[in-house]
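Q: So that we are looking at the same thing, I have put the structure below in structure tokens.
The values are calculated or read from the model by the stated rules, or taken from the named source; none is laboratory data. What you see is a predicted model; the values in this text were computed from it and never measured. Note that each Cβ is placed from the backbone with ideal geometry, even for glycine, and that neighbours are counted across all protein chains shown. With ligands, DNA and RNA removed, areas are computed over all heavy atoms of the protein, side chains included. Shrake-Rupley method; radii C 1.70, N 1.55, O 1.52, S 1.80 Å.
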Amino acid sequence: MWAPQEDTSHYLLSCPLYTDQRERLLHEISLILTPGVHPHLILHLVKDRLIEILLVGSHELDNTANLNIFKLVQDFILSTKRFLTQQ
């Protein structure tokens, strides 16, 4: 099932097909961005800012944190199987 507008924000932050994978992603990222804060609170960041962090990292974070976020987003993408091609 496709959303009327399936963009990056929808895919990463709200698509109901990937709720479980998103929960894991947000939990792990919240440990990096806001240790000790409930993962659902991370969605209260401005969505554009959160998408930017997920896609390109942040100058406010060190390289290790940015690399960890990059790996978490890759894991999310792989776990959703959204972009697997059928052969």
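Q: Quick one: how many Å² of Ile77 are accessible to a 1.4 Å probe, rounded to 10?
A: Around 60 Å² of this residue is reachable by solvent.
Q: Shifting gears a bit: Would you grab the residues whose amide H sits under 5 Å from the one on Leu61? Only those 5+ places off in sequence or on another chain, please, with H modelled 1.01 Å from N.
A: Those lying under 5 Å, H to H, from Leu61: there are none.
Q: Restricting to DSSP H runs of at least four residues, report the calculated mean residue ellipticity at 222 nm for the chain, -39500 (n - 2.57) per run over all residues, nearest 500 deg cm²/dmol.
A: Mean residue ellipticity at 222 nm (helix-derived): -16000 deg cm²/dmol.
Q: Leaving ligands, DNA and RNA out of it, work out the accessible area of Arg24 with a 1.4 Å probe and give it in Å² to the nearest 10.
A: 130 Å²
Q: May I ask you to evaluate 6.51 cos²θ - 1.76 cosθ + 1.60, the Karplus curve with θ = phi - 60°, for each residue of region 75-84 and list the ³J(HN,Hα) values in order in whole Hz, giving x for glycine and proline?
A: Working through the residues one at a time gives 4, 4, 4, 5, 5, 6, 6, 5, 10, 6 Hz.
Q: Working out 0.36 nm times the residue gap between Val56 and Thr34, then minus their Cα-Cα distance, what length gain in nm do you get to one decimal?
A: The Val56-Thr34 span can extend by a further 6.1 nm.
Q: Between exposed chymotrypsin sites (Phe, Trp or Tyr not before Pro) in the chain, where DSSP calls loop and at most 14 other Cβ atoms lie within 10 Å, what's the longest gap?
A: 3-82
Q: Can you tell me the orientation of helix 19-33 relative to the chain, as the angle in degrees between its alpha-carbon axis and the longest Cα principal axis, to the nearest 10?
A: 20 degrees
Q: Note down the nm distance, to one decimal, between modelled labels 7 Å out along Cα→Cβ at Val46 and at Ala65.
A: 1.8 nm
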